[in-house]
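Participant: Questions regarding the structure given below will be posed in turn.
The values are calculated or read from the model by the stated rules, or taken from the named source; none is laboratory data. In this text the structure is predicted, and so the values were computed from the model without any measurement. FYI the Cβ positions are ideal-geometry reconstructions off the backbone, even for glycines, and counts take in every protein chain you see. Just the protein is used for accessible areas: all its heavy atoms, side chains included, with ligands, DNA and RNA removed. Shrake-Rupley method; radii C 1.70, N 1.55, O 1.52, S 1.80 Å.
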Amino acid sequence: MIRFILNETSIATRFASGAVLLDFIRYQQHLTGTKIGCREGDCGACTILVGELENGTLTYRSMVSCLMPMRNAHGKHIVTIEGINTIGLNPVQQAMADEGATQCGFCTPGFVVSLTGFCLEKKTTGCKQAIAAIDGNICRCTGYKSIERAAAMISGLMDKRKSADTFQFAIDNNIVPAYFATIKSRLATLGADGIDGDGNGVTVPGTKSSTFLSGGTDLYVQRHDEMHDTPLQFLFDDIELKGIRKEGNRCVIGAAATVTDLLNSTVFNDAFPYFKQYAKLVSSTPIRNMATVGGNFINASPIGDLTVFFLALNAQLVFADGENLREIALEDLYTGYKQLAKQPQEYLQQIWFELPGPDSHFHFEKVSKRTHLDIASVNTAILLTMSDGRFSEARIAAGGVAPIPLYLRKTSAILKGKKIEPAVVREAIEIMKGEISPISDARGSKEYKALLLGQLVKAHFKTLAPSISEEIFK
């Protein structure tokens, strides 16, 4: 039995735990404001808010219900557009109407839900944050400027909140209905109930016939029709797979930590001050709220953004099978296209890497057809450690240029002991050309990808040594 709160209603259901929440919302509960669009997490028409108690604090995040398995709703508050309706239009809906921010109306519920999620954030920092909250929503009619104006109106309202309680302010200003005041206590009671029935909520050793599932942002895109009846082991809410912490000089990350968890982690952001800038290139807000670090690795996409990021950090992976633990370097995980050095019964438990020191420099680059919210044509990350003006350590990783996410061993090795000079950069790029094997596809020709990676490698060095940038880009 899966138990959660859907808007104001307590739900207890045996609906297939591997089915997507979108189908339950529309076909079982007949809440048709949540639209079926792309079913791939791209358009945002099915956006919902997911409320969850985290260390005693109620937090809401936007997610796409087309990629969310029913099991991941257990113990949470699921809010659809119907769940934020009040008598008359609420301020978010009114702003959309006043600014002419809706035409055909198909996408409007998703925008309203996402902007309501912005209003429920603990800290709101202005119009840019409001617009960022709707970066996972697509509109084919308006040209977005009217929607941006509506977001600015909502941001202006939130400026008045100051130190007021988040939920009380939202209720007092008719942003959400009064029942939101009861949700925290209701979830606390609900959390005491486990999942009855088939045991699908428990992390146990897998079998050759079962599939491990975390955020679902890849499997439901690739295998949507199969997932409803596939035997699944659910990992997303396993507390043992959560958290980001510092242990000595190591950063240890639970495999079910999301991209948003990385964004909110003091440990991670202290180590990578530009991570928020990098993360803007990784999908959209709802997907970042769902996609897990471990899932990005196990997905084995040759252009996985986090995979390339962590390859440069020499990340180590800890696998479990219910009895034993096994550690392997991320760079040794991939044996071929979508092939892993992993047994079927193993699941990824945690990731760790040594935190970069003051003499280390990290940089991430990505190019895609759209600047944001798109799959990379080529991506790359670099970690350089300096000693007496020379590279004492160098690690370069790249995606989109081989059947697997690639650690450029020879290119990295050639840099060791060298000074930062244009000739050294050019030599590294020549070595790099012999390590990669790009193919032509919808994201670019193989020649384009090889050239692009060379330019991105130059961009790495431009950030480290701007004085040589003119020479290396000649």
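Participant: Could you tell me which residue out of Ile303, Cys46, Leu464 lies farthest along the dipole of the chain toward its positive end? Charges go on the beta carbon: Lys and Arg +1, Asp and Glu -1, centred on the Cα centre.
Facilitator: Final value for the positive-end residue is Leu464.
Participant: Can I get the semi-axes of the range 235-378's equivalent ellipsoid? Compute them from the C-alpha gyration tensor as square roots of 5 times the eigenvalues, in angstrom, largest first.
Facilitator: 22, 19, 15
Participant: Would you mind working out the magnitude of the charge dipole of the range 87-195 relative to its Cα centre, with +1 at each Lys and Arg C-beta and -1 at each Asp and Glu C-beta, to the nearest 20 Debye?
Facilitator: 180
Participant: Okay, moving on. Given R₀ = 35 Å, what would the calculated FRET efficiency be for Ala97 paired with Asp225, taking r from the Cβ atoms and rounding to 0.05? Intermediate values should be presented prior to the final figure.
Facilitator: On the way: r = 38 Å, r/R0 = 1.09.
My answer for the efficiency is 0.40.
Participant: How much accessible area per residue does the chain have, counting only protein heavy atoms and a probe of 1.4 Å, in square angstrom?
Facilitator: 43
Participant: Normalise the Cα radius of gyration of the range 208-280 by 2.2 N^0.38 Å (N = residues in it) and let me know the number.
Facilitator: 1.36
Participant: Students often get this wrong: which residues of the range 220-263 have the backbone nitrogen under 18 Å from the point 7 angstrom along Cα-to-C-beta of Glu121?
Facilitator: 258-263
Participant: Let me ask something else. For the chain, give the magnitude of the charge dipole about the Cα centre (Cβ charges: +1 Lys/Arg, -1 Asp/Glu; no others), in debye to the nearest 20.
Facilitator: 960
Participant: List the GluC sites (Glu not before Pro) in the range 1-110 that DSSP assigns to loop (not H, G, I, E or B) and whose Cβ has at most 16 other Cβ atoms within 10 Å. Which are they?
Facilitator: Glu8, Glu40
Participant: Tell me, which longest segment in the chain has none of the chymotrypsin sites (Phe, Trp or Tyr not before Pro) that fall in DSSP loops with at most 12 further Cβ atoms within 10 Å? Walk me through the numbers before you get to the answer.
Facilitator: On the way: sites that count: Tyr274, Tyr337.
Value returned for the longest uninterrupted segment is 1-273.
Participant: With the crude spin-label approximation of a point 7 Å out along Cα→Cβ, what separation in nm comes out for His30 versus Thr59?
Facilitator: 3.7
Participant: Moving on to the next point. Please report, for the Cα atoms of the range 320-446, the Rg to one decimal and the Dmax as a whole number; what are they, in angstrom?
Facilitator: Radius of gyration, then largest Cα-Cα span, for the range 320-446: 17.0, 52 Å.
Participant: Something else now. Based on the Cα coordinates of the range 1-136, what is the per residue volume of their convex hull in Å³?
Facilitator: On the way: hull volume 15.7 nm³, N = 136.
Spread over its residues, the Cα hull of the range 1-136 gives 115 Å³ apiece.
Participant: Would you kindly state how much longer the chain becomes between Arg186 and Val318 on full extension, computed as 0.36 nm times their sequence separation minus their alpha carbon distance, in nm to one decimal?
Facilitator: The Arg186-Val318 span can extend by a further 43.9 nm.
Participant: As I understand it, the dipole of the range 233-284 uses +1 on the Cβ of Lys and Arg and -1 on the Cβ of Asp and Glu, about the Cα centre. Which of Leu281, Cys251, Leu262 lies farthest toward its positive end?
Facilitator: Leu281
Participant: Where in the chain are the DSSP H helices whose alpha-carbon span along the long axis reaches 27 Å or more and whose Kyte-Doolittle mean is at least 0.0?
Facilitator: The answer, listed by residue number, is 446-464.
Participant: In square nanometres and to one decimal, what's the mean projected area of the convex hull around the Cα atoms of the chain?
Facilitator: With every direction weighted equally, the projected area is 23.2 nm².
Participant: Rounded to the nearest 20 Debye, what is the dipole magnitude of the range 91-153 about its Cα centre when Lys and Arg each give +1 and Asp and Glu each give -1 at the C-beta?
Facilitator: 120
Participant: Based on Cα coordinates alone, diagonalise the gyration tensor for the range 65-194, multiply each eigenvalue by 5, take square roots, and list the semi-axes in whole Å, largest first.
Facilitator: Each semi-axis is the square root of five times an eigenvalue, giving 25, 19, 13 Å.
Participant: Filter the GluC sites (Glu not before Pro) in the range 248-343 down to the DSSP loop ones having no more than 10 other Cβ atoms within 10 Å, then list what survives.
Facilitator: Hits after loop and neighbour filter: Glu323.
Participant: Here's something else I'd like to know. Over the chain, what percent of the accessible surface lies on carbon and sulfur atoms, probe 1.4 Å?
Facilitator: C and S atoms contribute 50 percent here.
Participant: Summing -39500 (n - 2.57) over the DSSP H runs of n ≥ 4 in the chain and dividing by its residue number, what mean residue ellipticity at 222 nm do you reach, to the nearest 500 deg cm²/dmol? If you can, show how the numbers build up before the last one.
Facilitator: Values: 18 runs with 146 residues, N = 474.
It lands at -8500 deg cm²/dmol.
Participant: Given q = 0.23 Å⁻¹, what are the Debye log10 I(q)/I(0) values for the range 38-102, with equal point scatterers placed on the Cα positions and solvent ignored?
Facilitator: Normalising to I(0) and taking log10 leaves -1.06.
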